[in-house]
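Chemist: Here it is, the structure, as structure tokens.
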Amino acid sequence: MNKRLNMLLSTLLLLIFVVSCAKKGSIMGGEKDETPPVFIKAFPPNFSTNFKAKEIRIYFDEYIKLKEAQKQIIVSPPMDPKPTITPLGGASKFIKIKFLDTLLQNTTYSINFGESIEDNNEGNAQPFFRYVFSTGDFLDSLYIKGTITDALKKQVEPNITVALYEVDDTYADSLVFNTVPRYITNTLDSVGFNFYNLKKGKFKLIALKDQAGNYIYEPKQDKIGFYEEIVSLPEDTAKVFNINIFKETLDFKALLPKQVSKNEIMFPYEGEADSMRVKLLSNAPDTLKTRIIADKEKDTLHYWFTPFFEADSLVFEVSNSKNYLDTLVTRFKDQYKDSLQVSSSGTILALNKNFTLSSNTPIDTIDEKRITLTDKDTLDVPFSIALDKALNEAELIFEKTENNRYSMTILPESILDFVGNTNDTISFKFITKKLADYGTIFLTLENVKTYPVVVQVTNEKEEVITEKIAENQETLTFDYLEPAKYYIRVIFDSNANGKWDPGNFLKGIQPEKVSYFPEAIDVRSNWEIKQTFILE
């Protein structure tokens with residue numbers, strides 16, 4: 001009897017354990033929630049007219065959070081100060097918007113939440129929810145749409161602000177520098193834009209890569225683009241507008257110079273320094289010599305002088321060929337003298353390039369007789385040196401052979417710089433690769449309406465690897481290319497200055513047109529690629 005009872009109890013316990021496990025499994029199971037939050041109601045209601053409230057509450061069917069609210073949520077027309085919007089950093093079943101600015105009369109407002117509204121658990125987004133209200137008797141209902149492109153780059157940056165300025169008796173293009181627009185929207189992560197709830201009228205359409213997020217154009221840091229004609233509503237609602245954004249070239253301006261060493265003063269500037277001239281106005285020795293070298297990376301001129309002389313400050317006149325003239329003063333004192341430091345162009349030399357030397361101080365003379373160049377068999381290699389004092393570079397010119405190793409030895413006092421320094425012993429080693437290690441692109445352009453055009457080969461970061469100027473119909477050869485993926489960019493050089501020119505908003509000038517070959521070109525070792533680019 002006891003044996004049967006024990007068996008019954010064991011069976012019962014086993015059943016309880018199995019049922020318990022099954023219940024635990026059922027709690028963990030089920031399909032993942034992929035449903036975005038559902039809008040339930042709002043106070044005042046969405047699309048209200050004669051709006052007078054100081055606060056809005058928008059309710060959803062579950063707890064929500066706001067993601068990247070500062071970037072995603074756009075209030076149009078803009079308010080200053082901006083309304084406070086919650087929740088931020090927490091979860092709630094409603095969004096609260098509290099106005100801190102006085103609302104304009106008879107105006108339709110649109111609050112676009114982008115993709116900021118997500119459910120609290122799974123992060124499912126309620127895309128492009130809008131709350132619209134009017135302080136007048138009716139809601140404006142006109143709309144326009146369009147796309148944004150970058151004038152130079154293949155891909156446009158995200159989060160481009162698109163603005164409409166009302167064109168009336170008070171409008172001027174200069175408003176973009178100090179006045180917020182009538183309507184704004186944002187591309188977020190797409191290239192398209194949409195304006196809704198616009199009123200009838202005439203508008204100027206512009207786009208900004210608005211770094212400060214203040215809806216004001218700041219040329220030092222922002223890109224800009226504009227539609228040339230005035231947008232007229234409702235006539236233009238059927239159009240699809242495209243805006244090409246670009247970084248304007250600033251007007252030339254010399255900034256305050258600064259002495260950085262015993263014999264060097266740096267002259268930073270804005271804009272282009274093509275014809276920038278620097279003249280010392282202070283008293284100086286009759287033996288004074290100067291040399292000016294442009295920085296290769298920064299908007300700066302390096303002003304070198306010798307000999308050093310005593311003065312509390314120096315006065316300079318800065319001018320250019322476009323009637324710019326300014327007088328600048330810098331403090332002046334005895335400092336440490338720069339020592340000569342020589343660097344090279346690298347350890348791998350392309351067969352179509354020259355080995356290049358440069359230095360931190362201006363090179364004055366090079367004695368070739370105190371320099372030797374040998375190959376991998378330690379045989380002397382004949383060479384010559386071409387010194388470019390304007391670039392402060394010296395090119396080693398010799399007959400290169402593939403798959404070779406070279407050693408360059410520069411004996412002491414071979415190099416004399418502008419301020420009297422000489423070098424110690426310097427050695428450089430570099431190699432050339434096999435010709436078969438490189439690839440070649442033979443490019444034919446078709447349907448070119450006007451010449452010249454600048455044809456550039458860029459890498460995946462859109463950095464220019466090499467370029468050529470085409471003056472007529474011809475096949476362009478881009479050789480000695482490292483194996484990689486490349487892009488072809490064609491600049492329609494309308495002013496024939498050999499480079500891409502951006503536009504100018506106040507002058508109404510659009511940037512020079514640029515066309516990209518639609519696909520990357522995969523260059524491999526020992527490959528020759530023949531490619532035709534039919535331009536539009």
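The values are calculated or read from the model by the stated rules, or taken from the named source; none is laboratory data. On a predicted model such as this, the values are computed, not experimentally measured, just so you know. Note that we place each Cβ from the backbone using ideal geometry, even for glycine, and neighbour counts take in every protein chain shown. Heavy atoms of the whole protein, side chains included, go into the accessibility calculation; ligands, DNA and RNA do not. Shrake-Rupley method; radii C 1.70, N 1.55, O 1.52, S 1.80 Å.
Chemist: Where in segment 279-397 are there strands (runs of 3 or more DSSP E), lying fully within it, with 1 or more residues that are at pLDDT 95 or above and surrounded by fewer than 15 Cβ atoms within 10 Å (Cβ to Cβ)?
Modeler: Here the list reads 289-294, 313-319, 325-331, 342-344, 363-366, 371-374, 384-388, 393-397.
Chemist: For segment 157-177, which positions are more than 21 Å from the chain's Cα centre (by Cα) and part of a strand (DSSP E or B)?
Modeler: If the condition is that a residue be more than 21 Å from the chain's Cα centre (by Cα) and part of a strand (DSSP E or B), then LEU164, TYR165, GLU166 are the ones that fit.
Chemist: Still on this structure, please answer the following. Before we move on, is TYR438 of a type in the set (Phe, Trp, Tyr), within 30 Å of SER515 (Cα to Cα) and at pLDDT 95 or above?
Modeler: yes
Chemist: Out of (1) in contact with a Leu (Cβ under 8 Å, 6 or more places away or on another chain); (2) touching a residue at least 60 places away in the same chain (Cβ under 8 Å), the odd one out for ASN186 is which?
Modeler: If we test ASN186 against (1) in contact with a Leu (Cβ under 8 Å, 6 or more places away or on another chain); (2) touching a residue at least 60 places away in the same chain (Cβ under 8 Å), just (1) comes out false.
Chemist: Looking only at segment 116-126, count how many residues are outside any strand (DSSP E or B) and open to solvent by less than 80 Å² (accessible area, probe 1.4 Å).
Modeler: Going through segment 116-126 one residue at a time, the tally reaches 5.
Chemist: Name the single residue, out of those in segment 129-156 being of a type in the set (A, V, I, L, M) and in a strand (DSSP E or B), that is most open to solvent (accessible area, probe 1.4 Å).
Modeler: This residue is LEU142.
Chemist: Exactly one of (1) assigned to a strand (DSSP E or B); (2) surrounded by fewer than 13 Cβ atoms within 10 Å (Cβ to Cβ) is unmet by GLU460. Its number?
Modeler: (1)
Chemist: With respect to ILE245, determine if the residue is at pLDDT 95 or above, open to solvent by less than 50 Å² (accessible area, probe 1.4 Å) and touching a helix residue (DSSP H, G or I) at 6+ places or on another chain (Cβ under 9 Å).
Modeler: no
Chemist: Residue check: is ASN447 touching a residue at least 60 places away in the same chain (Cβ under 8 Å) and of a type in the set (S, T, N, Q)?
Modeler: Judged against the criteria, ASN447 is a match.
Chemist: Would you be able to say whether some residue in segment 237-244 is within 33 Å of the chain's Cα centre (by Cα), farther than 25 Å from GLY498 by Cβ, in a loop (DSSP other than H, G, I, E, B) and of a type in the set (Gly, Ala, Ser)?
Modeler: yes
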